[in-house]
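The values are calculated or read from the model by the stated rules, or taken from the named source; none is laboratory data. Quantities reported herein were computed from a predicted structural model and do not represent experimental measurements. No Cβ is skipped: glycine too gets one built from the backbone with ideal geometry, and neighbour counts run over all protein chains shown.
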């Protein structure tokens, strides 16, 4: 039972480089989310997809784009990485209603130098 | 503005020393309060959902309670394996999308 799988686990980028973080879930969930976690800031929502074919901005979307490729996969792209995007990124999925719990991946630790 | 605040930021306990973690929230119409556990280098792992004031849920040495303004996570006779960061979260608005606002977390260390 894989749950939510993120790749890569670690990444170092130079300022200005681009990359895509991949996320896949095998729980047949409608909704998927990307959060970032920074010390003292808690988890903050970057983008979410309430259902296949839709995406919406969260609290901190600037500098990111997302693609809901299909029901299973939701990717996060950094077009031109900045040091401020150094963080731990978590993908999550849920049934999509406010009373259902979210399941999280193991995270991607990204450092932008 | 919807907000979640957790206290204390860090808590050190001796094995067997019971205590409580606090999560206060400000949302217009609570539709659930979620507790998660996060181990270092891992993603958050779901523990409990509470929906209405007065509700309680238990799992091993953990008991979560809910009032109209806050939730408590009571840890009874903790063991070193309970050491982790505990996060609470609430849905932020009336849209039914499963989004969550998280508190900053309480990092618990239990010493043998």
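Things worth noting here:
- Apart from one condition, residue A:2 fits all of (1) over 23 Å from residue B:102 (Cβ atoms); (2) part of a strand (DSSP E or B); (3) within 14 Å of another protein chain (Cβ to nearest Cβ); the exception is (2).
- Among the numbered conditions (1) closer than 13 Å to residue B:34 by Cα; (2) under 14 Å from the mean Cα position of the chain (by Cα); (3) at pLDDT below 95, the only one that residue B:69 does not meet is (1).
- Considering only residues in segment A:74-101 that are within 11 Å of the chain's Cα centre (by Cα) and within 28 Å of residue B:31 (Cβ to Cβ), the one that is nearest to the other protein chains (Cβ to nearest Cβ) turns out to be A:90.
- Criterion: in contact with a strand residue (DSSP E or B) (Cβ under 9 Å, 6 or more places away or on another chain), surrounded by 13 or more Cβ atoms within 10 Å (Cβ to Cβ), closer than 16 Å to residue A:102 by Cβ and free of Cβ contacts under 8 Å to residues at least 24 places away in the same chain - qualifying residue of A:48, A:35: A:48
- So residue A:67, is it touching a residue at least 40 places away in the same chain (Cβ under 8 Å) and either surrounded by fewer than 22 Cβ atoms within 10 Å (Cβ to Cβ) or within 14 Å of another protein chain (Cβ to nearest Cβ) (or both): no
- Total residues in segment A:33-48, condition facing chain B (nearest Cβ under 9 Å) and either within 13 Å of residue B:98 (Cα to Cα) or modelled with pLDDT of 95 or more (or both): 7
Residue-wise test of (1) within 11 Å of chain A (Cβ to nearest Cβ); (2) touching a strand residue (DSSP E or B) at 6+ places or on another chain (Cβ under 7 Å).
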| position | (1), (2) |
| --- | --- |
| B:5 | yes, yes |
| B:18 | no, yes |
| B:22 | no, yes |
| B:38 | yes, yes |
| B:42 | yes, no |
| B:64 | no, yes |
| B:69 | no, yes |
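- Residues located in segment A:102-113, provided they are crowded, with 19+ Cβ neighbours inside 10 Å and facing chain B (nearest Cβ under 8 Å): A:102, A:103, A:104, A:105, A:107
- Residue match in segment A:16-29 (condition: surrounded by 15 or more Cβ atoms within 10 Å (Cβ to Cβ), over 18 Å from residue A:81 (Cα atoms) and free of Cβ contacts under 8 Å to residues at least 40 places away in the same chain): no
- Residue among B:32, B:54, B:16 that alone is over 25 Å from residue A:37 (Cα atoms) and touching a residue at least 24 places away in the same chain (Cβ under 8 Å): B:16
- Total residues in segment A:19-47, condition closer than 19 Å to residue A:111 by Cβ and more than 15 Å from the chain's Cα centre (by Cα): 3
- Top-ranked residue of segment B:84-112 - restricted to ones that are surrounded by fewer than 21 Cβ atoms within 10 Å (Cβ to Cβ) and over 16 Å from residue B:38 (Cα atoms), ranked as nearest to the other protein chains (Cβ to nearest Cβ): B:96
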